[in-house]
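Worksheet: the structure to be examined is printed underneath.
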Amino acid sequence: MAKKRYLLTPGPTPVPPEVLAALAEPVIHHRARDYREIYERSLARLGEVYRTQNDVLMFTTSGTGAFESAVANLTSPGDRQLVLSAGNFGERWAGLAKAFGADLVHVRLDWGEVPEPDDLRAALAAAEDVRVVYLTHSETSTGVVCDVQALAGVAKEAGALVVVDAVSSLGAVQLETDAWDLDVVVSGSQKALMTPPGLAFVSVSQGALDAAAKASSPRYVFDWERTRKGQAKLDAPFTPAVSLVRALDVALGLLLEERLEAAFDRHARLGRACREGAKAMGLELFSPDEERSAVVTAIRAPEGVDATEIVSTLRDRFGITIANGQGELKGKIFRIGHIGWFDVFDITTALAAVELALVDAGAEIERGIAVTRALEAWSEHSRV
């Protein structure tokens, strides 16, 4: 019998059967009426999930392509731009800003540190004349979800445009594009939006569009104005991933049917269950022990245990895929994702497997304690 497999990484994430079924539909032409109807509905639904009246541009690419579109459209060589980073994806913002010739001010915090408004305020005051600030809402390499509303307010006070990486946070934790005055928010299909990888999205304010019109960095496929004009006519400037868009339309419908507030609450409860289950085993959390940490739980490997071995054991013995640490954290932490199509029994499955793997490695853990505590935590303080 084929081994059952479980995907519990912070991306890609599991895809609901209704979404998979949409992928199996016959391919349709991207200028046919039936596709235009799907395209129009998907764009409208994206606006609802983003909570914005601004244009949400869709690209056939990974989330990093959306990153690049933001930098390419907002940068002229020599522009002073600031990146506030505390993990792998903040570093990605910095790498892209350098690649496009920005005068980069890189405020680099320790991986796992939670960026605070004062960190940004001091850096902006010292740098002066910063035109763009790049922030990471949910840093999946560490499990940290920052207060992007407060950080964005500080950037706005300094007169900078605010660009936010919401690749893993959109649809999982509260994000208010318009209410928080976020100029650019990038995201991708393969996280909380419950769709396979391959689509990326960028919401752009009028201020961002005005800045893009003056920026001189080269861009073509990721040119915002070209894409915006095409979408206005429901005619993408380049052949879109039609089957993925059809799947996305179904996934967004499921998310909006659940209601965003209910989805945020579900993710908070999943994060709580995962953290409490890990602590019940005597494990130390790397990600913050707070309700906002609802995207991925990062856990320190016990002393003398390589996190790589835990990840490998879960994959090879149980068919469960979780994530290793990235960069300097590889082998030191392991990460359990809970964004998108997850319920509490996915979390208990992962925790039970971690428990078995650690017992086999010689750890003294009370059998079943992680699952019991996770189920108790899941039931606590429910708002649904």
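The values are calculated or read from the model by the stated rules, or taken from the named source; none is laboratory data. Here the structure is a predicted model, which is why all the values come from computation and not from measurement. Note that each Cβ is placed from the backbone with ideal geometry, even for glycine, and that neighbours are counted across all protein chains shown.
Residue count for region 88-122 satisfying the condition of being closer than 21 Å to Ala200 by Cα and either among the aliphatic types (A, V, I, L, M) or assigned to a loop (DSSP other than H, G, I, E, B) (or both): 5. With respect to the conditions (1) in contact with a Cys (Cβ under 8 Å, 6 or more places away or on another chain); (2) under 25 Å from Ala212 (Cα atoms), Pro115 lacks only one, and its number is (2). Restrict the check to region 40-57 and report whether at least one residue is over 18 Å from Leu170 (Cα atoms), touching a Lys or Arg at 6+ places or on another chain (Cβ under 9 Å) and surrounded by fewer than 22 Cβ atoms within 10 Å (Cβ to Cβ). Within region 40-57, not a single residue is over 18 Å from Leu170 (Cα atoms), touching a Lys or Arg at 6+ places or on another chain (Cβ under 9 Å) and surrounded by fewer than 22 Cβ atoms within 10 Å (Cβ to Cβ).
Being within 14 Å of Leu46 (Cβ to Cβ) and surrounded by fewer than 17 Cβ atoms within 10 Å (Cβ to Cβ) holds for only one residue in Leu248, Leu256, and it is Leu256. Restricting to region 304-353, count the residues that are at positive phi and in contact with a Gly (Cβ under 9 Å, 6 or more places away or on another chain). Residues that pass the stated criteria total 4.
Only one of the listed residues (Arg108, Arg80, Arg121) is in contact with a helix residue (DSSP H, G or I) (Cβ under 9 Å, 6 or more places away or on another chain), free of Cβ contacts under 8 Å to residues at least 60 places away in the same chain and either among the hydroxyl-bearing types (Ser, Thr, Tyr) or within 26 Å of Tyr220 (Cβ to Cβ) (or both). That residue is Arg80. Criterion first (part of a helix (DSSP H, G or I), surrounded by fewer than 24 Cβ atoms within 10 Å (Cβ to Cβ), touching a helix residue (DSSP H, G or I) at 6+ places or on another chain (Cβ under 6 Å) and modelled with pLDDT of 95 or more) does Thr372 satisfy it? No: the conditions fail for Thr372. Just so you know, in region 98-145 the residues that are of a type in the set (Gly, Ala, Ser) and farther than 30 Å from His338 by Cα include one that is surrounded by the most Cβ atoms within 10 Å (Cβ to Cβ), and it is Ala102. Counting only residues that are surrounded by fewer than 16 Cβ atoms within 10 Å (Cβ to Cβ) and of a type in the set (D, E, K, R), region 333-359 holds 1 of them. If you scan region 2-25, which residues turn out to be at pLDDT below 95 and surrounded by 14 or more Cβ atoms within 10 Å (Cβ to Cβ)? Across region 2-25, the qualifying residues are Pro10, Gly11.
On inspection, Leu84 does not qualify as outside the structural domain of Ala158 (by TED's automatic domain parsing), modelled with pLDDT of 95 or more and either closer than 30 Å to Ile320 by Cβ or crowded, with 22+ Cβ neighbours inside 10 Å (or both). Of the listed requirements (1) closer than 28 Å to Met58 by Cβ; (2) in contact with a helix residue (DSSP H, G or I) (Cβ under 6 Å, 6 or more places away or on another chain); (3) of a type in the set (A, V, I, L, M), Leu260 misses just one: (2). Across region 210-261, the number of residues qualifying as modelled with pLDDT of 95 or more, part of a loop (DSSP other than H, G, I, E, B) and touching a Gly at 6+ places or on another chain (Cβ under 6 Å) comes to 1.
One residue is enough: does region 135-143 have a residue meeting the conditions of a type in the set (Val, Ile, Thr), under 21 Å from Ser69 (Cα atoms) and assigned to a loop (DSSP other than H, G, I, E, B)? Yes.
Among the candidates Tyr6, Tyr39, Tyr50, single out the residue that is of a type in the set (Phe, Trp, Tyr), touching a residue at least 24 places away in the same chain (Cβ under 8 Å) and outside the structural domain of Ala192 (by TED's automatic domain parsing).
Result: Tyr6 is the single residue among Tyr6, Tyr39, Tyr50 that is of a type in the set (Phe, Trp, Tyr), touching a residue at least 24 places away in the same chain (Cβ under 8 Å) and outside the structural domain of Ala192 (by TED's automatic domain parsing).
Filter region 172-214 down to residues that are at positive phi and under 12 Å from the mean Cα position of the chain (by Cα), then give me how many there are.
1
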